[in-house]
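Report on the following structure.
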Amino acid sequence: MPLNQSLKGKEYQEVSFPVKREDVLAFADAIGEKNPIYRDAGAARAAGHPEQVAPPTFVTKMQILTSGQVVLDQELGLDYSRVVHGEQSYRWRRPVVVGDVLSATPRVADIYSRGPNEFLVIEADVKDASGQTVVVARSTLLSRGTAEG
């Protein structure tokens, strides 16, 4: 069954995400990141940052939380057993740092087909507590064999 095209542009509930030092350290450990700016506030400040920096892919944790709302939307008609992750991209405005409280509202940016497959593009504008955009996160999921035609 094809995805519901009428959901293009639909926004979902905002998700809030505090950036905690212990979470940044655990993430840096998990990905093997040794750069001191991701491990130590002093090193980050010496490099010109206001606080310890989160590795760039740290926001993937938030992207998973926001995308979950979309993929579980029954109105969309997505059969998750047919899904393959296609692409992940970020458009950065500034680094994420410890102490940030981020919020994001996921939306269906696009649904399109190529051959027998459909592509679901989910985008979230990730903002800090002042409402300034930190990063725009974009995830593309491939729904295998669900396109009409």
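The table below gives the values:
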item: Per-region count, the stretch 1-37, residues free of Cβ contacts under 8 Å to residues at least 40 places away in the same chain, farther than 20 Å from T60 by Cβ and touching a helix residue (DSSP H, G or I) at 6+ places or on another chain (Cβ under 9 Å); result: 1
item: All positions within the stretch 102-116 that are aromatic (F, W, Y) and either within 30 Å of G42 (Cα to Cα) or outside any strand (DSSP E or B) (or both); result: none
item: Subset of the stretch 100-120 [β-branched (V, I, T) and within 11 Å of the chain's Cα centre (by Cα)]; result: T105
item: Residues (open to solvent by less than 60 Å² (accessible area, probe 1.4 Å) and closer than 15 Å to L72 by Cα) located in the stretch 3-14; result: L3, N4, L7, Y12
item: The stretch 38-55, residues that are free of Cβ contacts under 8 Å to residues at least 40 places away in the same chain, part of a helix (DSSP H, G or I) and either of a type in the set (V, I, T) or surrounded by 15 or more Cβ atoms within 10 Å (Cβ to Cβ) (or both); result: Y38, A43
item: Output for the stretch 8-37, where each listed residue is among the small types (G, A, S) and assigned to a helix (DSSP H, G or I); result: A26, A28, A30
item: Odd one out for G99 among (1) assigned to a loop (DSSP other than H, G, I, E, B); (2) on the phi < 0 side of the Ramachandran plot; (3) touching a residue at least 24 places away in the same chain (Cβ under 8 Å); result: (2)
item: Tally, over the stretch 93-149, of residues that are touching a Ser or Thr at 6+ places or on another chain (Cβ under 7 Å), open to solvent by 10 Å² or more (accessible area, probe 1.4 Å) and of a type outside the set (V, I, T); result: 8
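The values are calculated or read from the model by the stated rules, or taken from the named source; none is laboratory data. On a predicted model such as this, the values are computed, not experimentally measured, just so you know. Neighbour counts run over all protein chains shown; Cβ positions are idealised from the backbone, glycine included. Side chains included, ligands, DNA and RNA excluded: accessible areas come from the protein's heavy atoms. Shrake-Rupley method; radii C 1.70, N 1.55, O 1.52, S 1.80 Å.
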